[in-house]
1. Give me 95, 90, 82 sorted ascending by neighbouring Cβ count inside 10 Å, so fewest comes first.
2. Taking the beta-carbon count within 10 Å as an exposure proxy, list 147, 38, 91 from fewest neighbours to most.
3. Taking the Cα atoms of the range 107-147, report the difference between the largest and smallest coordinate on each principal axis, in whole Å and largest first.
4. Label residue 97 and residue 46 with points 7 Å out from Cα along Cα→Cβ: what is the distance between them in nm?
5. Give me 89, 68, 125 ranked fewest to most by other Cβ atoms within 10 Å of their Cβ, as a rough exposure proxy.
6. Can you give the FRET efficiency to the nearest 0.05 for residue 77 and residue 29, using r as the Cβ-Cβ distance and R₀ = 35 Å?
7. Along the Cα→Cβ direction, 7 angstrom out, place labels at residue 64 and residue 143. What is the inter-label distance in nm?
8. Based on Cα positions only, what radius of gyration and what Dmax would you give for the range 52-138, in angstroms?
């Protein structure tokens with residue numbers, strides 16, 4: 001049996017064109033996902049439309065961690081709730097990450113990869129959470145050029 005296997009990618013930005021094209025050609029009989037949010041984090045009606053297109057074509061969808069029977073009313077309800085919660089989680093996380101980054105930067109810690117020119121990274125112990133973190137220090141050689 002042929003298999004369309006794909007490594008996990010972002011549920012928010014992944015281009016699923018192979019899956020979409022394959023469904024119209026009925027190249028597969030089952031879609032196996034870790035969780036339903038791997039299929040879509042789009043608005044609920046779009047995600048459900050994509051899922052029901054597959055189901056209407058006789059393509060079974062199986063989630064390893066969310067064992068909903070999509071052929072039952074209870075399974076449909078669970079799927080709908082799951083899609084709603086997954087979308088909320090994705091959007092909420094997207095708003096919390098920048099605020100967490102800003103808080104970290106305000107405390108003087110650096111989490112953004114390469115430091116700006118004129119600075120260097122130094123490991124320091126953060127007493128608040130009891131771990132080593134990265135802090136910026138002036139790189140005297142480079143700082144002369146930017147002062």
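Only the coordinates and a few stated rules stand behind these numbers; no lab work does. Values in this document were obtained by computation on a predicted structure and should not be read as measured data. Because the Cβ atoms are built from the backbone with ideal geometry, glycine has one as well, and the counts that use them run over all protein chains shown.
1. 95, 90, 82
2. Least to most surrounded, the residues fall as 147, 91, 38.
3. Sorted from largest, the Cα extents of the range 107-147 read 35, 16, 14 Å.
4. 1.8
5. By the 10 Å Cβ count, ascending, the order reads 125, 89, 68.
6. It comes to 0.90.
7. Label at residue 64, label at residue 143, 5.0 nm between them.
8. Here Rg and the maximum Cα pair distance are 22.3, 63 Å.
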